[in-house]
Each structure stands twice: as C-alpha cells, then as structure tokens.
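Below: one structure, written as structure tokens.
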C-alpha cells in the first residue's frame with residue numbers, strides 16, 4: 001500500500017474508533033439545520049383570529065373566506081360585541097381580532113370607503129406587527145380583486161400598508177444560510193482538530209521526520225474529512241427538502257458541485273487554523289466561536305449585505321459563506337442554472353487555492 | 001598496498017554521521033555553536049546536555065527538520081541541508097513524547113509506519129510476525145496501543161522506529177518515566193540494533209544510561225565540551241561516575257534552562 005493510502009486508512013481508524021466524536025460530527029449538522037431551519041424564520045403560521053362581523057354581507061364573507069383559506073390564520077371564533085373582544089384577548093383565545101364596520105358593503109359601495117379594525121395582542125410586538133401585516137395583505141388582495149371587477153376606486157382601510165411579500169418566500173432564504181454556516185463550521189472544526197491533535201500528542205514530529213512530504217500529510221488528512229463532510233452535506237440537503245420543505249428549484253448537480261467546492265474551502269480553512277495553534281481547545285474555539293459571528297452576521301445569512309455600510313460590505317467579500325450562500329440561493333430558491341453562479345464558483349476556488357498555499361507555507365515554516 | 005587502500009576507504013565510509021562546525025542561530029541567539037563530531041556505523045552515541053544546552057536543536061538539524069545556519073553535516077551519506085528528503089528516508093526517529101498512535105492496534109501502528117517508509121506489503125507482513133515474536137507481543141497483536149503499559153509501548157515505539165532498517169536511529173530521551181529494570185530491557189533492544197549495524201544516536205537525562213553508550217558527548221551552552229568513551233571521560237575528570245563528569249561540566253553553563 002502506498003504511504004498516502006496507509007495514512008488515509010489511519011485517519012479513518014481515528015475517526016471510526018472515536019464513536020462519540022463521530023456521533024457529534026454527524027449529529028450536530030442534523031440538529032442545527034432543524035433548529036435553525038425552524039427557529040430562524042419570521043414566518044408565523046396558524047395565528048388565531050377572532051372575527052367581529054356586525055355587517056355580515058357579501059364583502060365581509062369574501063374577506064373572511066380568504067382568511068380561512070390562508071395558512072397564516074385559523075379563524076377560531078366569531079364575537080358579537082366589543083365586550084366579547086376584550087374577553088377573547090384576556091382568555092388568550094386569539095392573537096388578532098378583525099372588526100368590520102356596520103353595513104360594511106353598503107358603505108363601501110356608496111362612499112368608496114370602508115373600515116376594518118385590526119386589533120392585535122401586542123404583548124409580543126414583533127408577532128403583532130407581523131400578523132397585522134399578513135391580515136392587511138389579505139384584505140388588500142380582496143380590494144384589488146374588487147377594483148379589478150368594477151374599475152371604480154374602492155378603498156378598504158386597515159391603514160397598515162402591505163409590508164410583506166405576500167408569498168412569504170423569504171423564509172426559504174434562511175435555509176441556504178444555515179447550510180453555509182453548518183458546513184463551514186463543522187468542516188473547519190474537523191480538520192483543524194485532526195491536525196492539532198497530532199501536534200498535541202507528539203506524533204506530528206514523527207510524521208515530519210518521516211519521508212512523507214507535508215503536502216501529502218495535509219491532503220491525507222483532508223480526504224477522510226471531505227468524505228465525512230459529504231455525508232453531512234447529504235443529510236442537511238435531505239432535511240432541507242423533506243423536513244423544512246425547501247424545494248431545490250434549480251439543478252441538483254449544480255448545487256452539489258458548488259457545495260463540494262465550498263466544503264474544500266472550509267476544510268482548507270480548518271487546515272489554516274491548525275497551523276496557527278498547538279492546542280485542540282484553541283483550534284476548536286477558533287473554528288467555532290471566532291468563525292461563527294462573521295459567518296452569521298456578514299454572510300448575508302440573516303442580514304442583507306446591501307443594507308450594511310460600505311466597509312462591511314467590502315469585508316463580507318472575504319467570508320467564503322457569503323459566496324456559497326449567494327450561489328445556493330440562486331440555484332435552490334431562484335432556480336437559476338449553474339452558469340449564473342460562475343462568479344461564486346470562481347471566487348470559492350480562488351479562496352481554496354490561497355488557503356492551501358498559506359497553510360502549506362505556514363506548515364513548512366514550523367519545521368524551522 | 002591496493003588492498004590496504006581499499007580497506008581505508010571502507011573505514012572512511014563507515015562514518016554514518018559527520019558534523020563539521022554546525023551552527024544554528026535564532027536571531028541573535030546561537031542555539032548551537034560550531035559543533036563537530038563523527039559517529040561510526042553501529043556505534044551507540046550518547047548526546048548529553050542540560051535542558052536548553054542545544055541538544056534538541058542539534059538533533060533536529062541532523063534529522064532534516066531544521067536547516068543549519070552555518071556548517072556542514074552528513075547523515076547516512078546525505079547532506080543535511082540539501083538532501084534532507086534522502087536523509088529522512090534513511091533514519092528512524094523516536095521522540096520523548098509518545099511516538100505511536102494510541103487508538104491504533106499494535107500491528108496497525110507497525111503497518112502504518114512501515115507504509116510511510118515505503119516498505120512492501122509482503123515484507124511488512126513477514127517482518128511484523130517476526131518482530132511480535134521477538135518482543136513476545138504475539139498476544140498483543142490486536143490490542144490498542146493505549147492499553148499497553150508504558151514500558152511495552154516504548155519497546156514497541158523503538159522497534160517501529162527501526163522497522164524499516166534505517167542507517168541511523170535518533171532517540172530523543174526514549175526512556176523518560178520508566179523504571180530502571182524496564183530501562184535495562186530497553187537498552188538490550190538498543191544493543192541488538194547496534195549489533196545489526198544500526199547506528200544509535202541517543203539523548204538522555206539518566207547518567208546510568210550514559211554509561212551504556214560507546215561514546216558520549218556533553219553539550220554546554222551550545223558547544224560540545226567533552227566527547228569520549230565514558231571510561232576515558234571518567235579518567236580525564238577524575239570522576240567516579242558519569243554523573244560527576246556531567247555535574248563538573250554543567251556547572252560552567254551560563255545559559256538558563258528553558
């Protein structure tokens with residue numbers, strides 16, 4: 001067996017004999033993608049809504065139908081007086097009450113204007129804002145329909161304007177971000193720890209005295225972790241599609257290609273970390289805590305890069321996850337073809353080459 | 001005449017380590033200061049010195065891990081500065097820190113290092129069986145190294161270091177933390193290796209071990225202050241044992257141990 005293959009075999013022994021670590025490495029991505037996938041979402045589904053409809057005419061019926069059909073609301077109760085509205089909130093039966101004017105349709109037809117009151121439980125202000133926005137958007141869509149039919153300007157006023165994308169596709173945006181973060185952190189952590197561990201137990205010295213060249217050592221370390229990362233990639237993609245219901249709109253092949261390149265970049269990043277420290281603990285802190293913040297904040301995962309000050313936008317360019325997330329969004333959500341993410345792929349490949357070059361240089365310097 | 005000359009050249013080529021005015025500087029600090037010595041084939045060469053005297057730095061240069069600032073060195077017939085890859089192929093190395101993988105089995109450790117040194121699968125198989133028999137490790141073949149006692153681990157580490165029959169084996173404080181009885185067993189392995197023609201270059205803290213060496217050099221502040229057989233050194237310094245010789249020389253040190 002060639003020295004390189006013997007070495008790879010040894011790495012697999014290290015991995016498979018350490019059950020706990022293997023379980024963590026393969027389990028963390030699953031847990032994280034589920035947690036983040038469900039937790040990081042601004043979407044609020046199945047909000048309970050109560051309705052006060054003294055008018056009970058064709059327009060109010062239509063609007064209520066729309067609420068019933070929506071995923072965002074469950075119509076739980078009809079109330080018949082303003083006193084009852086108070087009770088609904090006190091007993092926590094609904095988060096939102098929609099109250100129509102009396103003679104709603106009539107007023108609308110005659111004056112072209114009618115009012116709907118949206119009363120929300122604002123103990124959680126964010127949720128309150130979000131669900132009133134959903135409600136207004138549903139009402140607006142009815143208004144649009146009405147205007148389309150009659151070409152007369154009708155105005156139904158819950159004055160809150162439509163702030164939200166009615167399809168709420170935005171929530172899918174989080175999944176590429178979560179993919180990018182998890183793959184980067186786990187892969188970087190795995191390689192950095194694997195190399196630093198050899199330094200810590202002293203076997204690295206033996207390897208350096210051996211005829212194996214440093215590049216071969218580094219590559220042999222990367223191969224098993226690359227395969228392990230591929231397992232992680234598969235599980236997180238499966239969870240994204242089947243548990244979080246994020247469709248892969250574009251080409252699966254393109255998505256996998258970009259992901260594999262991104263994994264290489266992450267592994268190389270871990271390698272670089274390993275050349276900077278001699279302790280497994282520091283390596284782990286660097287590749288998790290230190291990387292996590294920039295990845296979360298600057299990759300566009302949560303906060304849009306376009307809203308950042310120029311210097312932060314510029315800084316975000318050196319975050320590999322930014323390019324990956326952007327590519328995954330294009331392919332997975334927008335359904336674009338691989339040629340549209342050519343730039344991202346090139347940037348990631350460049351990053352990989354630079355990282356390997358720096359690590360190798362650092363690795364050799366250590367021998368002096 | 002011709003015959004004599006021939007033996008002469010053979011005699012010359014039996015120098016496995018040749019070091020001439022080797023210097024290593026780190027900035028303004030001279031860790032190794034013009035050291036020169038030769039080591040013969042099959043010799044057991046003790047490399048002594050207090051902590052910080054420059055032993056490790058010198059040894060790293062000989063192993064091709066570190067480039068000399070000045071001077072020349074040849075190990076196993078190759079220049080340590082320009083042919084470090086060749087040097088690495090022809091030496092074995094065992095460090096004071098642990099040299100084997102704890103989570104690999106005994107035979108897997110042997111196979112790994114033999115593989116790294118480019119031995120053929122068939123050779124590895126045959127030689128492994130032989131080695132396990134010699135060490136009486138047959139039962140431990142499939143045992144993870146971490147469950148072996150320290151003395152056994154060190155014997156195994158040494159055997160692995162010379163498994164590919166290097167010309168020189170470098171031992172960096174190989175017997176640290178082991179009781180005298182086990183240390184003696186360990187030295188039996190070293191004698192066996194030397195008898196087979198493997199040159200042994202060993203650093204140690206234990207002065208009783210220094211007595212086992214054919215020749216001993218003592219480094220003080222980056223320089224070699226004494227180099228001879230233990231017997232001659234004791235006579236020259238009028239000392240009872242190597243410890244006295246060492247104390248006498250080490251007292252001159254101005255450099256602090258690190």
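Remarks
- With a Förster radius of 35 Å applied to the C-beta separation of residue B:229 and residue A:219, the computed FRET efficiency comes to 0.15.
- Per-residue Cβ neighbour rank within 10 angstrom, fewest leading, A:225, A:78: A:78, A:225
- Both radii were evaluated on the Cα set of region A:208-258; the Rg over Rh quotient, with Rh as the Kirkwood radius, amounts to 1.25.
- Stokes-Einstein D for region A:53-131, Kirkwood Rh over Cα pairs, 10 °C, 1.306 mPa s (µm²/s): 117
- Pairs of Cα atoms in region B:86-136 fall into 5 Å distance bins, from 0 up to the last occupied one, in shares of 4, 17, 25, 26, 21, 6, 0 percent.
- Cα centroid of region A:76-150 to Cα centroid of region B:146-221, whole Å: 87
- Residue with peak Gaussian network fluctuation, chain A [Cα springs, cutoff 10 Å], from A:272, A:25, A:146: A:146
- Over chain B, the fraction of Cα-Cα pairs per 5 Å bin, rounded to whole percents and listed from the shortest bin up, is 1, 6, 13, 16, 18, 16, 13, 9, 5, 2, 1, 0.
- Diffusion coefficient, µm² s⁻¹, Stokes-Einstein with Kirkwood Rh over alpha-carbon pairs of region A:180-299 at 20 °C and 1.002 mPa s: 140
- If the segment from residue B:51 to residue B:15 were pulled out straight at 0.36 nm per residue, it would be longer than the present Cα-Cα gap by 10.2 nm.
- Multiplying the residue separation of residue A:129 and residue A:45 by 0.36 nm and removing their Cα-Cα distance gives an extension gain of 28.9 nm.
- Using the Cβ-Cβ distance between residue A:318 and residue B:79 with R0 = 41 Å, the FRET efficiency computed as 1/(1 + (r/R0)^6) comes to roughly 0.45.
- From least to most packed, judged by other beta carbons within 10 angstrom and beginning with the fewest, B:237, A:73, A:67 follow the order B:237, A:67, A:73.
- Evaluated on region A:231-368, the Kirkwood hydrodynamic radius is 16.3 Å, with distances taken between all distinct Cα atoms.
- Packing-based exposure ordering (other Cβ within 10 Å, fewest first) of A:339, B:175: A:339, B:175
- Gaussian network model of chain B, springs between alpha carbon atoms under 10 Å - residue of B:205, B:164, B:28 with greatest fluctuation: B:28
- P(r) tail for region B:100-165: Cα pairs beyond 13 Å make up 58% of the total.
- In plain terms, if you count all Cα to Cα distances in region B:59-190 and split them into 5 Å steps from zero, the share in each step is 2, 10, 19, 20, 20, 13, 9, 5, 1, 0 percent.
- Alpha-carbon spread of the protein assembly as shown, three principal axes, descending order, Å: 132, 52, 46
- Cα-based Rg and Dmax for chain A, where Dmax is the largest Cα-Cα distance (Å): 27.6, 93
- When chain A is treated as a GNM with alpha-carbon contacts under 10 Å, the residue of A:179, A:118, A:244 showing the greatest mean-square fluctuation is A:118.
- Computed across region A:1-142, the Kirkwood hydrodynamic radius from all distinct Cα-Cα pairs reaches 18.9 Å.
Read-outs throughout are calculated quantities, based only on the coordinates presented, and are distinct from any laboratory measurement. Owing to the predicted nature of the structure, the values given are computational and were not obtained by experimental measurement. We place every Cβ from the backbone using ideal geometry, glycine too, and count neighbours over all the protein chains shown.
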